[in-house]
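**Student:** Questions regarding the structure given below will be posed in turn.
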Amino acid sequence: MTNTKIIVITSGKGGVGKTTTSAAFAMGLALEGHKTAVVDFDVGLRNLDLIMGCERRVVYDFVNVINKEARLNQALIRDKRTENLYILPASQTKDKESLTMEGVETVLNELKETFDYIVCDSPAGIEHGAFMAMYFADEAVVVTNPEISSVRDSDRILGLLASKTKRVVENRTPVKEHLLLTRYSPERVSRGEMLSVKDIQEILSIPLLGVIPESEAVLTASNQGVPVIANRNSDAGMAYQDCVARFLGEDIEMRFIDPKKKSIFSKFFGGN
Amino acid sequence: MGLFDYFNANRKSAEVAKERLSILITRDKIQRDRPSFLPQLQDELLAVIKKYVDINQDDISITLDREQDCEILELNITLPEKSCQQREDKPLPERAREP
């Protein structure tokens, strides 16, 4: 494919929902008919396979392919539920430096031959693994929680995306940035206990891709090894579907950013 | 929110968070946009000036501002009082004596 897009899912801070987002986003793209590979860059702490529910089918991994111990199609795991979706798991044991720049580029170039989208699940931090995940990206989804340390780290990552990627080095148009807010609670925002979408957008000043509400469905989905987007009736699932549609160019109104209407009963007697 | 909180919470915590973040991120950006040679330039300038005047690290500050297309490098040196008299008795360094 000549117009394959490489998307990095990144955040700086850990535990904000990068892997959840990578799994949901990749599945969403595949469900829309795009051939998609999702690649785990978190060498040493692989988890994408768990969230995708294919942990028992991992034979070879990303580092094996880089070291030419396995061919790419031996390491790629086909998702059994979704056509067009493949997973490239990270290595669990090797040291982080095993993701060499040349090795990563070779694997990505080979993936480009067959896939429309390559989703790179970045590790937390701003070390080598995170750098490798973003270096070749065309677009970036910056996952942020409405919490000060997460917003600050996202700003840091935005600085790196604007200066340390291949597109910048080659003087091409910079990586296209998207903000994805996760674990959002409109109720807490309305009580003044949480930074609002508007606050965070003002601070980071990048276009908003979507807002994923704080949702029980996320843990349930990860318990079962099913990306939350597959749960079409859940709030988080629907929010991710909206994000994918927006990413693909549809104009969809933001949902889940206003508090749920309370009944008169609960207004009187309190509680959430 | 209980009655006690109404008296206690003058400001919403989200408001505090936003204010703290705005200040922090502006500062982070200034740090990040600084060219990497600035600290070294500061050290070397300090070394040169020290040959003539007694000053400390704190007496010299370098800032770089951007105004549209124009970059302004501002160098600020605070000389101690009587610095000239203090050094008059000492011989000038080699290069300073040359015409």
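**Student:** Scan the stretch A:112-135 for residues that are within 20 Å of A:Asn67 (Cβ to Cβ), part of a helix (DSSP H, G or I) and in contact with a helix residue (DSSP H, G or I) (Cβ under 7 Å, 6 or more places away or on another chain) and report the count.
**Tutor:** Summing the residues that are within 20 Å of A:Asn67 (Cβ to Cβ), part of a helix (DSSP H, G or I) and in contact with a helix residue (DSSP H, G or I) (Cβ under 7 Å, 6 or more places away or on another chain) in the stretch A:112-135 gives 4.
**Student:** How many of the residues in the stretch B:38-79 are part of a loop (DSSP other than H, G, I, E, B) and modelled with pLDDT of 80 or more?
**Tutor:** The qualifying residues number 8.
**Student:** Hey, could you check the stretch A:188-226 for residues that are of a type in the set (Val, Ile, Thr) and part of a helix (DSSP H, G or I) and say which is surrounded by the most Cβ atoms within 10 Å (Cβ to Cβ)?
**Tutor:** Only one residue fits best here, namely A:Ile200.
**Student:** Please work out which residue is nearest to the chain's Cα centre (by Cα), limiting yourself to the stretch A:9-57 and to residues that are open to solvent by 30 Å² or more (accessible area, probe 1.4 Å) and of a type in the set (A, V, I, L, M, F, W, C).
**Tutor:** My answer is A:Ile51.
**Student:** So, in the stretch A:143-161, of the ones that are within 14 Å of chain B (Cβ to nearest Cβ) and of a type in the set (Val, Ile, Thr), which residue ends up farthest from A:Leu76 (Cα to Cα)?
**Tutor:** Filtering the stretch A:143-161 for residues that are within 14 Å of chain B (Cβ to nearest Cβ) and of a type in the set (Val, Ile, Thr), the one farthest from A:Leu76 (Cα to Cα) comes out as A:Ile148.
**Student:** On to the next question. Would you pick out the residues in the stretch B:1-27 that are modelled with pLDDT under 85 and either facing another protein chain (nearest Cβ under 7 Å) or exposed (fewer than 10 other Cβ atoms within 10 Å of the Cβ) (or both)?
**Tutor:** Hits for the stretch B:1-27 are B:Gly2, B:Leu3, B:Phe4, B:Asp5, B:Tyr6, B:Phe7, B:Asn8, B:Asn10, B:Arg11.
**Student:** Of all residues in the stretch B:15-59, which are of a type in the set (S, T, N, Q) and in contact (Cβ under 8 Å) with a residue 12 or more places away in the chain?
**Tutor:** Passing the criteria: only B:Gln42.
**Student:** Whether any residue in the stretch A:14-36 is acidic (Asp, Glu) and over 26 Å from A:Val226 (Cβ atoms) is what I want to check.
**Tutor:** No, the stretch A:14-36 contains no residue that is acidic (Asp, Glu) and over 26 Å from A:Val226 (Cβ atoms).
**Student:** State all residues of the stretch A:137-161 that are in a helix (DSSP H, G or I) and among the charged types (D, E, K, R); if no residue qualifies, say none.
**Tutor:** A:Arg152, A:Asp153, A:Asp155, A:Arg156
**Student:** Within the stretch A:111-141, track down each residue that is among the aliphatic types (A, V, I, L, M) and away from chain B (no Cβ under 14 Å).
**Tutor:** A:Leu111, A:Ile118, A:Val119, A:Ala124, A:Ala130, A:Met132, A:Ala133, A:Met134, A:Ala137, A:Ala140, A:Val141
**Student:** Looking only at the stretch A:144-187, count every residue that is over 30 Å from A:Pro259 (Cα atoms), open to solvent by 30 Å² or more (accessible area, probe 1.4 Å) and not β-branched (Val, Ile, Thr) and tell me the total.
**Tutor:** Summing the residues that are over 30 Å from A:Pro259 (Cα atoms), open to solvent by 30 Å² or more (accessible area, probe 1.4 Å) and not β-branched (Val, Ile, Thr) in the stretch A:144-187 gives 12.
**Student:** Sticking with this one: Just give me the residues in the stretch A:43-79 being out of contact with any helix residue (DSSP H, G or I) (no Cβ under 6 Å at 6 or more places or on another chain) and either closer than 19 Å to A:Ala137 by Cα or free of Cβ contacts under 8 Å to residues at least 24 places away in the same chain (or both), in sequence order.
**Tutor:** Listed by number, the residues that qualify are A:Arg56, A:Arg57, A:Val59, A:Phe62, A:Lys68, A:Glu69, A:Arg71, A:Asn73, A:Gln74, A:Arg78.
**Student:** Right, next: Checking the condition within 19 Å of the chain's Cα centre (by Cα), at pLDDT 95 or above and more than 23 Å from A:Ala26 (Cβ to Cβ), which residue from A:Val189, A:Val197 passes? Steps first, answer last, please.
**Tutor:** Values: A:Val189 fails: within 19 Å of the chain's Cα centre (by Cα).
On inspection, the qualifying residue turns out to be A:Val197.
**Student:** Let me ask something else about it. Answer yes or no as to whether A:Lys164 is within 14 Å of another protein chain (Cβ to nearest Cβ), assigned to a loop (DSSP other than H, G, I, E, B) and of a type in the set (Lys, Arg).
**Tutor:** yes
The values are calculated or read from the model by the stated rules, or taken from the named source; none is laboratory data. Keep in mind that this is a model prediction, so the values were computed, not measured. Don't worry about glycine lacking a Cβ; one is built from the backbone with ideal geometry, like all the others, and counts go over all protein chains shown. For the accessible areas, the whole protein counts, side chains as well, though only heavy atoms, and no ligand, DNA or RNA atoms are used. Shrake-Rupley method; radii C 1.70, N 1.55, O 1.52, S 1.80 Å.
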